Amino acid sequence: KAMKAQEKILVYGDYDVDGTTAVSLLYSFLKKFSPNIDFYIPDRYVEGYGVSTQSIDYAYEHGFTLIIALDCGIKANKQVAYAKTKGIDFIIGDHHRSDGELPEAVAVLDSKREDDTYPYKDLSGCGVAFKLAQAYAKRNKIPVDILYEYLDLVVVSIASDIVPITGENRILAFYGLKLLNSKPRPGLEAILACAKVMRRPRQLYNINKSIFSKELTINDLVFKIGPRINAAGRLENAKTSVELLNAEDIETATVIAEKINDINNERRSLDNIATIEALDALSKDPNTLNKKTTVVYNPSWYKGVVGIVASRLTEIYYRPTIVFTKAEDSMLTGSARSVKNFDIYEAIESCSEYLEHFGGHTFAAGLSIKEENLTKFMDKFEKAVCQRIDADTLVPEITIDTEIDLNDINPKFYKTLKLFAPFGPGNNSPVFCSNGVTDIGLVRIVGKNHLKLSVVHPNKNGFPISAIAFQQGEYIEQIAGGLPFNIVYHIEENEWNNKISLQLNIKDIKMID
């Protein structure tokens, strides 16, 4: 109705990868059919998470009569009511949990609504934007293949927001990766260049007759593209990320991508400093080892890096973790991360009397709190986790799919494995185990405490296979001494000097007595 009436429409989204890809998708899609479309990304430091009253005032002052909120809005009851007083309608496309009472919007699209009947429940925020565009195309008899050009954005959101790669997400991710590997949009091409993921022919498996590029995987999106798109919103304004994703030529995209890459380098420095400070504070707390939660606070940490710090602390201590810092309004803002099989959202919800705002998923959440309530919240959160978690959940584990012989690993075997891709949550890359292997004498430390090896099954005729074991340098003396050991690993492609070969990514090592 708004499109036909040529109303001014504002596409609004969160400042993370999922939000910016969602905004980029719907904004550029609707622009094809109306000139009266614009987008808005809130400032993390000024407006905070979700729909802000500042954005509604902006919409009113600039004549917008419809706001489409993506990757947020499911709890924006007050803001939607405020917008109504300004004559502004809302459509909400979210994938987070509600508080039960939905905002009085024209439409609330969220598969996690209690009354929702859509068969797939784990779409990303960008996935919801894609479904809205798909429905608009269907209603207006627009060829559906016009939407395929946006699947690269959808797969970036799926990878970066860590939603399950099952069902419909698996299909969207599969075809999104195909697009990224064949014809990525200029913005993503420029980001890949900044990450030194070049799209040129390479020699495969040292066989001169097979020449083609290494295929991008979900991991490439998680570690190469996602952090860079996120960086703008973490330290500056994520509007820059949308401008990058919507760039129409590689020259424009390259200028923006290089700016974002510089911001990402600054972000890395800031989150490294915050992580070191957090670990130092925890080491000085005599109660750290006796708790089942990790909650740390430092007013000097950048709001944009607390989620990264929370993830790192979760990896180290392996328990539900919340990292707080102080926002501009003197409120404390926090980012939460969980461990396998524990619903941190539910635990936080049980402490909601101390919170000003919270939202999120089973394994990640955001929250804000008054400083005077922090100690009370920490105590209740610790009790809430203790009541809900069992000892086994706090022990990190690796589920092994099967044991195989190293001699079974070859390009043909790996080609078969790739048929199960894309890999990610809900469809993890297979984990293999090989027992009684040895290094051929080339083991060494690379980088910061990483082991580089060439492993074989002794007494079996076979070629050694290259392997990398991150953060496991403590085994070097035993392995260099020729002792046998068991390994658990993924099989992956490794690129070096323009050549691609198979490599074991070792997740764990167990020396044999």
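Details
Here's the yes/no breakdown for (1) among the small types (Gly, Ala, Ser); (2) in contact (Cβ under 8 Å) with a residue 40 or more places away in the chain:
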{"position": "Glu353", "(1), (2)": "no, no"}
{"position": "Ala364", "(1), (2)": "yes, yes"}
{"position": "Glu372", "(1), (2)": "no, no"}
{"position": "Thr416", "(1), (2)": "no, no"}
{"position": "Pro422", "(1), (2)": "no, yes"}
{"position": "Gly426", "(1), (2)": "yes, yes"}
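- Segment 350-360, residues that are open to solvent by 20 Å² or more (accessible area, probe 1.4 Å), touching a strand residue (DSSP E or B) at 6+ places or on another chain (Cβ under 7 Å) and within 17 Å of Arg388 (Cβ to Cβ): Ser352, Phe358
- Qualifying positions in segment 229-242 - closer than 17 Å to Ala193 by Cα and not β-branched (Val, Ile, Thr): Asn230, Ala231, Ser241
- Segment 294-340, residues that are open to solvent by less than 60 Å² (accessible area, probe 1.4 Å), assigned to a loop (DSSP other than H, G, I, E, B) and basic (Lys, Arg): Arg319
- Where strands (runs of 3 or more DSSP E) sit wholly within segment 349-445, those with at least 3 residues that are in contact with a Gly (Cβ under 8 Å, 6 or more places away or on another chain) occupy 355-360, 364-369.
- Selection of segment 421-435 for residues being more than 15 Å from Gln503 (Cα to Cα) and open to solvent by less than 20 Å² (accessible area, probe 1.4 Å) yields Pro422, Gly424.
- Check on Ile250, of a type outside the set (Ser, Thr, Tyr) and within 20 Å of Leu153 (Cα to Cα): yes
- Residue that is surrounded by the fewest Cβ atoms within 10 Å (Cβ to Cβ) [pool: residues in segment 485-502 that are at pLDDT below 95 and not charged (D, E, K, R)]: Asn497
- Residues being part of a loop (DSSP other than H, G, I, E, B) and either surrounded by fewer than 17 Cβ atoms within 10 Å (Cβ to Cβ) or at negative phi (or both) - total across segment 38-71: 14
- One residue from Asp122, Asp116 being charged (D, E, K, R), open to solvent by less than 60 Å² (accessible area, probe 1.4 Å) and over 22 Å from the mean Cα position of the chain (by Cα): Asp116
- Test: residue in segment 96-103 that is crowded, with 16+ Cβ neighbours inside 10 Å and within 22 Å of Val242 (Cα to Cα): yes
- Filter result for Phe363 (touching a Leu at 6+ places or on another chain (Cβ under 6 Å) and surrounded by 15 or more Cβ atoms within 10 Å (Cβ to Cβ)): no
- Top-ranked residue of segment 232-247 - restricted to ones that are aliphatic (A, V, I, L, M) and either buried (at least 24 other Cβ atoms within 10 Å of the Cβ) or assigned to a strand (DSSP E or B) (or both), ranked as modelled with the lowest pLDDT: Ala232
- Qualifying residues in segment 141-161 (those that are among the aliphatic types (A, V, I, L, M) and surrounded by 17 or more Cβ atoms within 10 Å (Cβ to Cβ)) - the one farthest from Thr20 (Cα to Cα): Leu147
- Pairs meeting the criteria (first residue in segment 137-153 and farther than 24 Å from Ile191 by Cα, second residue open to solvent by less than 10 Å² (accessible area, probe 1.4 Å), beta carbons under 6 Å, at least 6 apart or on different chains) are Val144/Ala137.
- Filter result for Val296 (within 29 Å of Ala190 (Cα to Cα) and β-branched (Val, Ile, Thr)): no
- Test: Ala336 is more than 15 Å from Ile389 (Cα to Cα) and touching a helix residue (DSSP H, G or I) at 6+ places or on another chain (Cβ under 6 Å): yes
- Within segment 93-146, being farther than 27 Å from Gly426 by Cα and part of a strand (DSSP E or B) holds for one residue alone: Ala107.
- Segment 393-420 - residue that is open to solvent by 40 Å² or more (accessible area, probe 1.4 Å) and aromatic (Phe, Trp, Tyr) and, of those, nearest to Tyr475 (Cα to Cα): Phe413
The values are calculated or read from the model by the stated rules, or taken from the named source; none is laboratory data. Predicted model, so just to flag it, every value in this text is computed and none were measured. Because the Cβ atoms are built from the backbone with ideal geometry, glycine has one as well, and the counts that use them run over all protein chains shown. Each accessible area value is taken on the protein alone, full model and side chains, heavy atoms only, with ligands, DNA and RNA left out. Shrake-Rupley method; radii C 1.70, N 1.55, O 1.52, S 1.80 Å.
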